[in-house]
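Shown next, in structure tokens, is the structure this report addresses.
The values are calculated or read from the model by the stated rules, or taken from the named source; none is laboratory data. Here the structure is a predicted model, which means the values were calculated and not measured. Because the Cβ atoms are built from the backbone with ideal geometry, glycine has one as well, and the counts that use them run over all protein chains shown. Just so you know, the surface numbers come from the protein's heavy atoms only, side chains and all, with ligands and any DNA or RNA stripped out. Shrake-Rupley method; radii C 1.70, N 1.55, O 1.52, S 1.80 Å.
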Amino acid sequence: MSATPSSTGMAAISRLYFRYRRFRKQLAILAAVIGPGVIVMVADNDAGGITTYMLSGAYYRFSFIWIVLLLGPVAYVCQEMTVRLGVMTKRGHAQAIFEAFGPFWGWFSLSDLTLTDCLTITTEFIGMTMAMEVFGIPPWITEVVVIAFIMLLLLNGRYWTWEKIVLAICAVNMIYVPVVFFIHPDVDAIFRTGVVPGFPEGLGGPVVFLIMATIGTTIAPWMIFFQQSSVVDKGLKKRDVPYARWDTAIGATFTVVTAVALIIIATVFFGGDTNLTSAGQAAGLLMPLHPYVGTILAIGLFDAGLIGALSVSLASSWAVGEVFGWSHSLNDRLGQAKWFNVFRLSIMVIAGSIVLIPRAPLGVITLFVQVIAVTLLPAALVFLIVLLNQEELVGSYKNTRAQNIMAGSIVGVILALSTLYAVGSIFPYLFGV
Amino acid sequence: MSWVHNAAEKVREINRTYAVPRIRLSRTTKVVLVLLRVYLLMLVGLLLYSLITRLGY
């Protein structure tokens, strides 16, 4: 019996309806899974990141845009590995290293992480206090309120609630994007000098330093620990991996878009100004001339510092909690996970105290912390790659040859840049500095 | 000082728990990893030196 035109049409409509239903279901699952990837990637654009992008725009105009565009996929490659490892091992990254490599390497990784996290949280407080100083709020008040807020977020004792609140805070990080449409940047120059790879002023020491700081703000050791622990705490399963990959990709896109917007804003208002030292200073300078842009810059900087402090403090607390066997889930109430919260509070108080040191060169410290983080990154990445090559650990989610080549190349490039900068700092005349 | 004693005991306990690594590294791999660590720490040292000289201390 041949199909009539009407029955063919009905079949097409039902196929379409089935696809629509399937798409809606997939979208609902994605909405449930979304979180760890977006949070870790947006936290990437933390206070140190905002300062790094502002300075790259001010010093080298649009010419860092292509680096940021390239770093989006790089961050995705690194973070996607943590998703597979977390889902398959059901272990946070610190515990996975202790189990796989033994205590010697475990303690090494944990101490690296704790040190760089403490330094990174310092840069978050630097950003937040600078942003609030624009509105006349003293640094100590900002610090006390922020620490209290971060600890109160855990009162509810539910991972899901915590995640939704943090995602709302992450949305504010996109505040810079609309500004670009109102300041009318030179689009032709963006494509000519920003998207096309090149170093208009040569590859000297300061350029290498800023490239490293940019890499350091896009991929950092704490991100590996954070996303893996977050995936485990959220309870993601093997079937969620494709959605968790989307979560990471969406986050990476947000990061890149925000970073490009910041470089454009910095170029438009400060292009060629090599005296700029921080995003906080930039916000203060803009307030009398362009109050709306200055206010947005300050709000965005505060928000970036808050997301950073929330995530980075959690990364090391999760890691230490896993290893020491403390209760360390966000599903635990404040009192249940006592030591986990005490540790988190302690690193925030220590980091916050550094910021209150009078006349501390906060802008320079911020950039150096990013560079130190990226210098220590290869060690963390090497362990991640080795773990992702163990079939008995991750089964079919083992790294493919292409994934190994990409991850290995990232390690190689970071090592080369770190060496280049180190050699440049000892023999500055080699780079004509 | 009992908390120091407790912390040291906890560290010893962690070392015992993870004493047998799941992944057996060859001697060459171990040497490469140690060298990488030392190299990275040396780079961090140079960065700190650079920071201190930049700040004029």
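Numbers at a glance
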quantity	calculated
Qualifying residues in the stretch A:83-92 (those that are assigned to a helix (DSSP H, G or I) and within 14 Å of chain B (Cβ to nearest Cβ)) - the one surrounded by the most Cβ atoms within 10 Å (Cβ to Cβ)	A:LEU85
Qualifying residue in the stretch A:330-351 (condition: part of a helix (DSSP H, G or I), among the small types (Gly, Ala, Ser) and surrounded by 24 or more Cβ atoms within 10 Å (Cβ to Cβ))	yes
Single match in A:GLU80, A:GLU99 (criterion: assigned to a helix (DSSP H, G or I), in contact with a helix residue (DSSP H, G or I) (Cβ under 7 Å, 6 or more places away or on another chain) and acidic (Asp, Glu))	A:GLU80
Scan of the stretch A:382-401 for residues that are in contact with a helix residue (DSSP H, G or I) (Cβ under 6 Å, 6 or more places away or on another chain), surrounded by 18 or more Cβ atoms within 10 Å (Cβ to Cβ) and part of a loop (DSSP other than H, G, I, E, B), ordered by number	A:LEU388
For A:LEU30: the one exception among (1) of a type in the set (A, V, I, L, M, F, W, C); (2) out of contact with any Phe, Trp or Tyr (no Cβ under 8 Å at 6 or more places or on another chain); (3) surrounded by fewer than 24 Cβ atoms within 10 Å (Cβ to Cβ)	(2)
Filter pass, A:PHE324 being within 14 Å of another protein chain (Cβ to nearest Cβ), touching a Gly at 6+ places or on another chain (Cβ under 8 Å) and open to solvent by 10 Å² or more (accessible area, probe 1.4 Å)	no
Of the criteria (1) open to solvent by less than 90 Å² (accessible area, probe 1.4 Å); (2) within 25 Å of A:VAL374 (Cβ to Cβ); (3) more than 7 Å from chain A (Cβ to nearest Cβ), which one B:VAL4 fails	(2)
Whichever residue in the stretch B:18-38 is facing chain A (nearest Cβ under 8 Å) and assigned to a helix (DSSP H, G or I) and, among such residues, is nearest to the chain's Cα centre (by Cα)	B:ARG37
Wholly enclosed helices (runs of 4 or more DSSP H) of the stretch A:124-199 bearing at least 1 residues open to solvent by less than 40 Å² (accessible area, probe 1.4 Å) and in contact with a Lys or Arg (Cβ under 7 Å, 6 or more places away or on another chain)	A:159-172
A:THR123 being more than 30 Å from B:ARG24 (Cβ to Cβ), within 14 Å of chain B (Cβ to nearest Cβ) and within 20 Å of the chain's Cα centre (by Cα)	yes
Restricting the stretch A:352-378 to residues that are surrounded by 15 or more Cβ atoms within 10 Å (Cβ to Cβ) and over 20 Å from A:GLY216 (Cα atoms), the residue that is farthest from the other protein chains (Cβ to nearest Cβ)	A:GLY352
Residue check for A:GLY72: in contact (Cβ under 8 Å) with a residue 12 or more places away in the chain and buried (at least 24 other Cβ atoms within 10 Å of the Cβ)	no
